[in-house]
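Below is one structure; the comments refer to it alone.
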Amino acid sequence: MKYLPRVSGRGLVAAVAAAAAVVGGVSAQTAGAPTAVQETALQQRLDGLLNDSRYDGSQVGLVVRDATTGETLYDRNGGERLLPASNTKLFTSTAAMHVLGPSYRFHTDVLATAPVRGGKLRGDLYLKGYGDPTALESDYVGLAKQLKAAGVRRVDGNLIADDTYFDHVRLGDTWSWDDEPFYYSAQISALTLAPNTDYDSGTAIIESLPGAKAGAPLKLNTVPANGVLKVINTATTGAVGTSNTVNVDRDHGTNVVRVSGSMPLGSSVEQDWITVWEPELYAADVFRRALTAQGISVSGHIKNAGTPTGATRLAMDESMTVGELLTPFLKLSNNMHAETLVKTMGAVAEADGSWPAGLDVVTNYAKSLGVDTSRIRLSDGSGLSRKVNVTADAVTDVLIGAQKETWWKQWYDALPIAGNPDRFTGGTLRNRMRNTPAANNLHGKTGSLTGVTALSGYVTNKDGRKLVFSMISNNYLTSPVPIEDAVGVTLASWSDQAPPAAVPMLKSAQPTCDLELAKAC
């Protein structure tokens, strides 16, 4: 099938007139009508890349536009709804910067309704979260130190975990049940905890090391230490040179974690991220341990409840700003950050910390950028949902419209940068398009699910002309990521004066895999 480029204005009139003349049985040339618009060399080159057998029986949309004027330079299926995977985060992140603002900070409070007398709090202690996805064990230690400095030595009551700033819907629309144990599909809670500075909130790390000899059980360590996860270890140490078959899984609906398989002698420590059931109880458990370490005892138990109105704040921890959060969020394509931002936007803008309220806010901002929101559907903030449908047209509308915002440069810099090997610079593009004109040039957002890949962003061509593009591929059997990369390099190396030679298909410096779904990538 031949795909004609989108034309507008006089070009469209000319094309329609020529087609009408032929249909009417009169040659356009003999009637003196203008001839149909011809494809440019760039359009022909991109058609050649997309006319690949990997797209047989599948779908691809690609739109390329001038970043300054908005002029469309190439359009294949730009108005067709496709599943974008993590390109959904372009909608979420821009809305968050607009609605919350780059200086917005999350916070976590410690409160009480009873007074502290003689070092004793004669009542419950409340740990209330406001959605901070970057809270670490060290932040809870900091809260415990604040309480100690305030003179608290004993709590004669329970430790209450309060995550009521968000609703209690933990998982997104159509998220798959078999993804639940894995770090990219953690439960969303207003009170949560991340194990390290990747900030994968709602997860813990299981560290594995081989035993002293073959046949010995593996040595396991949980980061951070907690009493919520119940780890059952049946994994053993294998002989030197045997395969590593360690598997870490969590039983559905529980915090029972099972470690099985084998790890060969001499192996270095292996880390596996595992999600936690009810993250607010996990956060409260880590906080209670921090209190104990500071010499503060809690006589009661950890429970879920809301904080009574009028409670007094005894301590507070603040997160990094939303502008700063963009770096781990977008560079590493963190799903939990996206969903936390959606619910926070709902709570701030509509006093409703839920997905429906937050997605209304995101959709309204996209509409303000020129997106025809009647033609798209947003079902979550990360793109993990299989019900999200957007168009390449809509993505490029967001990319162009966001440039007018005062925060755009900070957001643009947080996008992954092609071919830059630094993890927090290149992000999910760090091993792609290396040593090409796209390297350290193309800023883009990747997207990846089984049968889905997407790449959208900005690239400057050889003439210094800034372009925006969006490419979304669905329902393929063989990954078209090399075609995505070839499109990126073609745009980066293109000159209207002297079109370059055809770009060969690139081989990534790593196996093609779901970049959003694998730490190893």
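The values are calculated or read from the model by the stated rules, or taken from the named source; none is laboratory data. Treat the numbers as computed from the prediction; the structure is a model and nothing was measured. No Cβ is skipped: glycine too gets one built from the backbone with ideal geometry, and neighbour counts run over all protein chains shown.
Screening G306 with (1) within 27 Å of the chain's Cα centre (by Cα); (2) within 30 Å of S176 (Cα to Cα); (3) not hydrophobic (A, V, I, L, M, F, W, C) gives one miss only, at (1). Whether a residue is in contact with a Leu (Cβ under 9 Å, 6 or more places away or on another chain) and hydroxyl-bearing (S, T, Y) was assessed, and T69 does not pass this test. Hey, could you check the range 475-500 for residues that are at pLDDT 95 or above and among the aliphatic types (A, V, I, L, M) and say which is nearest to G447 (Cα to Cα)? Once the filter is applied, the top-ranked residue is V481. Hey, can you tell me all the residues within the range 53-66 that are in contact (Cβ under 8 Å) with a residue 40 or more places away in the chain and among the small types (G, A, S)? Once the filter is applied, which keeps residues that are in contact (Cβ under 8 Å) with a residue 40 or more places away in the chain and among the small types (G, A, S), the range 53-66 yields G57, S58, G61. For the range 90-107, filtered to residues that are outside any loop (DSSP other than H, G, I, E, B) and touching a strand residue (DSSP E or B) at 6+ places or on another chain (Cβ under 6 Å), the residue that is farthest from D167 (Cα to Cα) is L90. Screening the candidates D163, D198 for the property of being of a type in the set (D, E) and either surrounded by fewer than 24 Cβ atoms within 10 Å (Cβ to Cβ) or free of Cβ contacts under 8 Å to residues at least 60 places away in the same chain (or both) yields one hit, D198.
Specify which of the listed residues (V110, V169, V152) is more than 18 Å from the chain's Cα centre (by Cα), part of a loop (DSSP other than H, G, I, E, B), surrounded by 23 or more Cβ atoms within 10 Å (Cβ to Cβ) and not hydroxyl-bearing (S, T, Y). Answer to the check: V152.
Within the range 411-440, which residues are hydroxyl-bearing (S, T, Y), surrounded by fewer than 23 Cβ atoms within 10 Å (Cβ to Cβ) and under 18 Å from the mean Cα position of the chain (by Cα)? Those that are hydroxyl-bearing (S, T, Y), surrounded by fewer than 23 Cβ atoms within 10 Å (Cβ to Cβ) and under 18 Å from the mean Cα position of the chain (by Cα): Y412, T425. Could you check the range 172-192 and list, in sequence order, the residues that are within 30 Å of A293 (Cα to Cα), of a type outside the set (G, A, S) and either in contact with a helix residue (DSSP H, G or I) (Cβ under 6 Å, 6 or more places away or on another chain) or surrounded by fewer than 19 Cβ atoms within 10 Å (Cβ to Cβ) (or both)? Scanning the range 172-192 gives Q187, I188, L191, T192. For the range 119-130, the set of residues classified as within 13 Å of A161 (Cα to Cα) and assigned to a loop (DSSP other than H, G, I, E, B) consists of D124, Y130, listed by residue number. Return a yes/no flag: does the range 269-278 have any residue that is without any contact (Cβ under 8 Å) to a residue 40 or more places away in the chain, of a type in the set (S, T, Y), touching a strand residue (DSSP E or B) at 6+ places or on another chain (Cβ under 8 Å) and under 30 Å from A216 (Cα atoms). No; the residues of the range 269-278 include none that is without any contact (Cβ under 8 Å) to a residue 40 or more places away in the chain, of a type in the set (S, T, Y), touching a strand residue (DSSP E or B) at 6+ places or on another chain (Cβ under 8 Å) and under 30 Å from A216 (Cα atoms).
Within the range 58-104, the residues that satisfy the criterion of being charged (D, E, K, R) and either buried (at least 17 other Cβ atoms within 10 Å of the Cβ) or touching a Gly at 6+ places or on another chain (Cβ under 8 Å) (or both) are R65, D75, R76, E80, R81, K89. Among residues of the range 67-86 that are closer than 18 Å to D463 by Cβ, none has a Cβ under 8 angstrom from a residue that is at pLDDT below 95 and assigned to a strand (DSSP E or B) at a sequence gap of 6+ or on a separate chain. Only residues that are surrounded by 23 or more Cβ atoms within 10 Å (Cβ to Cβ) and either among the charged types (D, E, K, R) or at pLDDT below 95 (or both) were counted in the range 371-396, giving 2. For the range 48-79, enumerate the residues that are over 27 Å from the mean Cα position of the chain (by Cα) and among the charged types (D, E, K, R). Across the range 48-79, the qualifying residues are D52, D56, E71. Mind checking which pairs have a first residue in the range 401-412 that is under 11 Å from S93 (Cα atoms) and a second that is surrounded by fewer than 17 Cβ atoms within 10 Å (Cβ to Cβ) and not basic (K, R), Cβ under 7 Å, 6 or more apart or different chains? Listed pairs, sorted by first residue: A402/W408.
Considering the range 325-338, and only residues there that are surrounded by fewer than 24 Cβ atoms within 10 Å (Cβ to Cβ) and under 18 Å from T192 (Cβ atoms), the residue that is farthest from the chain's Cα centre (by Cα) turns out to be P328.
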